[in-house]
């Protein structure tokens with residue numbers, strides 16, 4: 001099997017599985033809501049799982065001394081910072097604006113309620129990293145077994 005596309009195929013699969021897992025956990029706790037399938041936040045972090053898979057597969061297939069690995073690692077810093085810090089600020093702003101609209105008794109039809117949970121807690125990012133690493137390892141292992149059969 002050609003490895004040129006695996007460094008992106010594996011992260012896409014990991015991201016998809018993580019998003020399905022997150023949706024399943026949410027649905028189990030809160031009931032089925034298809035609108036939730038494409039939302040951000042909550043457990044586990046799909047962004048963190050995806051970028052972890054990208055780092056691992058790029059490092060595995062191209063080496064940790066490659067330019068591709070350096071780009072993936074640099075991208076991961078931005079994504080982790082976004083998940084942990086920047087989107088939490090966005091959620092705080094949503095909460096403050098929602099409180100302001102409520103206290104000023106403004107028509108909620110003109111200013112609909114903003115989502116307050118956009119970012120991740122550190123535990124959600126850590127679980128996303130672990131989940132992404134485990135799934136990446138499983139996919140790399142499966143692909144190495146398939147390659148050993150010389151298809």
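Is the range 35-122 best put as rounded, prolate or oblate by its Cα gyration tensor, with a ≥ b ≥ c the root eigenvalues, rounded for a/c under 1.5, and otherwise prolate when a/b is larger than b/c, oblate when not?
It comes out prolate by the Cα gyration axes.
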Taking 111, 80 and counting other beta carbon atoms within 10 angstrom, the fewest-first order is 111, 80
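Extension gain residue 78-residue 130, at 0.36 nm per residue separation less the Cα-Cα distance, in nm? Could the numbers behind the result be given before it?
Values: separation 52, 0.36 × 52 = 18.72 nm, distance 1.81 nm.
Once the chain is fully extended between residue 78 and residue 130, it gains 16.9 nm.
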Using only helices, what value at 222 nm comes out for the chain when you add -39,500 (n - 2.57) per DSSP H run of length 4 or more and divide by the total residues, to the nearest 500 deg cm²/dmol? -23000 deg cm²/dmol
Note down the nm distance, to one decimal, between modelled labels 7 Å out along Cα→Cβ at residue 102 and at residue 25. 2.6 nm
Residue 66 versus residue 90, label points 7 Å from Cα toward the beta carbon: distance in nm? 3.1 nm
Rounded to 10°, Cα long-axis angle of helix 6-30 versus longest principal axis of the chain: 40 degrees
Can you compute the modelled spin-label distance between residue 8 and residue 141, with each label point 7 Å from Cα toward Cβ, in nm? 2.8 nm
How much length is gained on full extension from residue 121 to residue 32, taking 0.36 nm per residue of separation minus their Cα-Cα distance? 29.8 nm
Return the whole-Å distance between the Cα centroid of the range 81-151 and the Cα centroid of the range 21-63. 8 Å
If I compute Kirkwood radius over Cα pairs in Å from the structure I just sent, which labelled value in (i) 17.1; (ii) 16.2; (iii) 15.4 lines up? (i)
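Just so you know, all these numbers are worked out from the coordinates, no wet-lab data involved. As the structure is a prediction and not an experimental result, all values here were calculated from the model. In this analysis, Cβ positions are derived from the backbone assuming ideal geometry, glycine residues included, and neighbour counts consider all displayed protein chains.
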